[in-house]
1. Sequence neighbours fewer than 8 away in the same chain don't count; with that in mind, list the aspartates and glutamates whose C-alpha is under 15 Å from Lys248.
2. Determine the dipole magnitude for region 80-236: charges of +1 sit on the beta-carbon of Lys and Arg, -1 on that of Asp and Glu, nothing else is charged, the reference point is the Cα centre, and the result goes in debye to the nearest 20.
3. Size of the dipole of region 258-512 about the Cα centre, Lys and Arg at +1 and Asp and Glu at -1 on the beta carbon, nothing else charged, in debye to 20?
4. Could you work out the local net charge near Ala286, counting Lys and Arg as +1, Asp and Glu as -1, over the other residues with Cβ closer than 10 Å to its Cβ?
5. Using the structure shown, select from Lys337/Lys364; Lys81/Lys371; Lys81/Lys163; Lys97/Lys327; Lys335/Lys371; Lys81/Lys183 the pairs with a Cα to Cα distance greater than 18 angstrom.
6. With an 8 Å cut-off on Cα pairs and a minimum separation of 6 or more residues, tell me the relative contact order of region 380-454 in percent.
7. Hand me the trypsin sites (Lys or Arg not before Pro) from region 236-298 located in a DSSP loop with no more than 11 other Cβ atoms within 10 Å, in residue order please.
8. Using all alpha carbons of region 258-512, what is the percent of pairwise distances in each 5 Å bin, ordered from the shortest bin to the longest?
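Just so you know, all these numbers are worked out from the coordinates, no wet-lab data involved. It should be emphasised that the depicted structure is a prediction, and the values quoted were computed from it without experimental measurement. Cβ atoms come from the backbone with ideal geometry, glycine included; neighbour counts cover every protein chain shown.
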Amino acid sequence: MKDLRVRPSLTAVLWLCLAVALITELINPLTSQSHSETTKITVWFKPGYPVNRFVPSNAFGAALDGHEKGEVDRMLSSFWKSNPYLDQHFTGERNSKLPQWVLIDLGTEKSINVIQLNWAQPFARVYDVEYGHFSGVDDISQSLPDVWQTFPLGKVVAGNGGKTTLRLSRGSVTTRFVRVLMKESSRTSMRRSADVRDHLGYAIREISLGTLNLEGNFHDEIHPAPNHGDQTSIYVSSTDPWHREIDKDNLIEQPGLDRVFHSGLTNGLPSLIPVPVLYDTPENAAAEIRYLKARGYPVERVELGEEPDGQFVASEDYAALYIQFAKAIRAVDSKLKLGGPSFQDIEPGEKIGLTPTGKPDWLKRFLAHLKECGHLNEYTFFSFEWYPFDDVCQPTAPQLAQATQLLKDSLAGMQDAGLRAIPWIITEYGYSAFGGVAEMDIEGALLNADTVATFLTLGGEQTFLYGYEPNDIIQEVDCSSGNNMHFLLGDDGNISYRMPTYYGARLLTHEWTQPGKDMHELYLATVDESESQAKRLVAAFPVLRPDRLWALMLLNKDSSNARTVEVRFHNEANGSESEFEGPIELYQYSRKEYELSVNKEGSYPIRNEPPAHWTQPGSTGLVMQLPAYSMTIIRGKGPLPSP
């Protein structure tokens, strides 16, 4: 796996530019009248100094909640236990610095003056019972309450475990959220165990929360149920990764490591290997790497983490676990490059009250904890997932129009938070994390191509498209259905259709770039700032391939207007202009090749052809039509940058 490096700018180097003039025809479909305007997209490059250099086989990879069950099911045989690897025995830090917690969301505000805790072992000797609220909008799907206050009688400094009834206040406090913040453990175990992990952390069998009246009658505001979907919502800071073979979920299929390496997905290149951190152990991580090495599989990078930012995990807790896993893995192979954490998203978020809700603050605190503990050098690459649009019910045209800027702003926010000059990797990407029709239509292919090209232009190194395996249409919302997939699965278990995502990916990896392990040079395309925002719906991404052909990818993200494109090269040094030289090859994918039925319960392709492909013998005076919602590749010889 070769590193891609952004070449530094040097002075006294001849500037050239490749200018793409777009003569825009805004066609009214009702009157068939049009008027022409000109938009210039300029691709700037210094000879030998592109904005990025990449190898397609490396840059385009293949890629195949925080609730807790058991605390309020009224079954004393079940319990929750925190992660023992967050105890000072393993972290070397005081437990009070990495407190563990259980948070109860009552759904609406209730009167509270008493809590009943049925502790298992180990139990908390020192803990606070707090009530909280948001200083802004109370959207718990995005962040937990940020303002906490200890109940007047909620501080415990010498807990004894067992069934504890704790009066929290003399009167009642009205609140929706209650948290048990645990700071010191009893370090006891329910059975005599030689495994120190059984003695570390905190364990609770049951929680009751409500009011105790003057007659001593207790009214419980928590609704118990065997399944967490039916019970009062409980959130926890961590969970013990302990598990047994019989706990395996037989409804989940996952290819084994041998199957992946033997399948050809890796193209014979070193793979990016994921290692779970929140729900596994450092010992298992080391065993996984040891197994891969014993089998002779090439591995250079290991991704630590499984979307901790989306599971209410404190960045300091994740950093403490990261350090332990890094130590265990490096004991097996000290040359491996470690990183993560596979962010669920990197959207900037907003500042609610005194608390930032976005991912830059999470990253900033994570990096600060690594630095404080002297392990910042163990973090060698940054990874995240990119599914920019959660609301698949909204129109796609405005979403596509803002997609490029959204990615730019999100990465800029992470850099402002302290992201160093280390490789960036998108380990999953697609239109949405929810099933929507755009994922099965042209919009999905356009979004994916724009994501990859924009990310590489910004200096990104690798992207892994999600959805290689054939799949079904899923409906997660009433308004739409779809799935991130290359292939639609038929009733007979075989592939029934190749989807736009497949054809878009193939244009990206076989026509825009040259398949193989040779280096490509990507140059920067800019739109004249004086142009209207509507014209920026056309994006251009030029690549100089190893075969010394220029490949220009043009994306028309306008849903209803076609564009006419005139391509020319402009030498800024002497003002001369030129065009493609000799014959050119053209590839185009639009609604002329693909049309999806209108059926929100299960759309299917009613026209499904591969991208159009033709060769034009001469390129003099080339004028190219870009249909609405289209992806076009123009490839041929052109003036080459001087070395």
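1. Hits, sequence-local ones excluded: Asp280.
2. 720
3. Details: 18 positive and 36 negative charges, 261 e Å.
It works out to roughly 1260 debye.
4. 0
5. Lys337/Lys364; Lys81/Lys371; Lys97/Lys327; Lys335/Lys371
6. 49
7. Of the trypsin sites (Lys or Arg not before Pro), the ones in loops of region 236-298 whose Cβ has at most 11 other Cβ atoms within 10 Å are Arg244, Lys248.
8. Values per bin, smallest distances first: 1, 6, 12, 16, 17, 16, 14, 11, 5, 2, 0, 0.
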